[in-house]
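Data first, discussion second: the structure below is written as structure tokens.
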Amino acid sequence: MSELVKALLGNCGDVYQDCPVFDDGNYCLRLVAEDDAGDLLKVYSDEQAVSFFNSDNCGGDDFHYTSLERMKEAVRYWLWEYGRRGFVRWSIFSHKEEEVIGTVELFHRDSDDYFTDCGLLRLDLRSDYEKADVITEILQQIGTPAFDMFSCRMLATKAVPAAKERIRALMELEYEKSDHVLIGHNGSQYKFYWVLNKK
């Protein structure tokens, strides 16, 4: 991590030391916990939901988990990455349902492609929550703080063409479709990214 990034994190608090909680009364975003695995299995075993997840650059993992043990393993890995400052994975808790209905992942990305000095955001939602108003409400909570938490000039998230509700939400939040490809670790090219620049 560059000294500049360290300095910026120092100014706004270190997300990897004290993970913030966001709560608007409907949805609470807080650091994922092993106890979430049962609820999360409903998300990650949902084939309709999985088709909208972003597995780019994830070593072949498609995030389709069908057993509680595999889900627990994933949560333990996410917490391990948090501990090593790799990324933050928030669970999305629905107050109405009283259960976790998805996750948000964020990390700072530096690279040789367009998506550098970038906060890369992954949103995984259970398919019955894949609705524009829900997505907008969730991303509104974390969007603006993300620029400071991850010391980045833009946020980027993936939305495949079939993700109509997600795209509607991103447009509502003033994300713009990017023509640039994200270059993976092995040179793979990934597309369908939307970006929001820091104002």
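Laboratory data are not the source of any read-out in this text; all were calculated from the coordinates shown. The structure displayed is predicted, hence computed values, not measured ones. Neighbour counts are summed over all protein chains in view; Cβ atoms, including those assigned to glycine, are modelled from backbone coordinates with ideal geometry.
Listed highest first by mean packing, meaning other Cβ atoms within 10 Å per residue, what order do 86-94, 40-48 come in?
Highest mean packing first, the order is 86-94, 40-48.
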Check your understanding: So which residue, out of 119, 25, 184, gets the largest mean-square fluctuation from a GNM of the chain using Cα contacts under 10 Å as springs?
Key -> 25
Point to revise | Inter-label distance for residue 56 and residue 95, nm, one decimal - labels placed 7 Å from Cα along Cα-to-Cβ | key: 3.4
Practice item. Excluding residues on the same chain fewer than 8 positions from residue 199, give the aspartates and glutamates whose Cα lies under 20 Å from its Cα. Key: 110, 117, 137, 148, 172, 174, 176
Practice item. Tell me the label-point distance for the pair residue 35, residue 127, using the 7 Å Cα-to-Cβ offset, in nm and rounded to one decimal. Key: 3.0
Point to revise | Vicinal HN-Hα couplings computed from phi for segment 160-166 (Karplus, 6.51 cos²θ - 1.76 cosθ + 1.60; Hz; Gly/Pro x) | key: 5, x, 6, 7, 4, 5, 5
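Excluding same-chain pairs closer than 8 in sequence, count the lysine pairs in segment 3-197 whose Cα atoms lie under 14 Å apart.
Taking the Cα cut-off of 14 Å, the pair count is 6.
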Check your understanding: How large is ³J(HN,Hα) for each residue in segment 141-149, as worked out from phi by the Karplus curve 6.51 cos²θ - 1.76 cosθ + 1.60 (θ = phi - 60°), to whole Hz, x for Gly and Pro?
Key -> 5, 9, x, 5, x, 4, 4, 7, 4
**Study point:** Under-5 Å amide H pairs with residue 87, H placed in peptide plane, nonlocal only
**Key:** 82
**Study point:** Peptide ranges 120-133, 164-177 listed from the most packed, as the mean C-beta count within 10 angstrom indicates
**Key:** 120-133, 164-177
Review point. Cα extents of segment 2-144 along the three principal axes, largest first, in whole Å?
Key: 41, 36, 28
Exercise for review: Sort 108, 185, 64 so that the residue with the fewest other Cβ atoms within 10 Å of its own Cβ comes first and the one with the most comes last.
Suggested key: 185, 64, 108
Study note, to complete from the structure: Phi-derived 3J(HN,Hα) across segment 22-30 with the Karplus relation (6.51, -1.76, 1.60, θ = phi - 60°), rounded Hz, x for Gly and Pro, is 10, 8, 9, x, 9, 10, 10, 9, 9
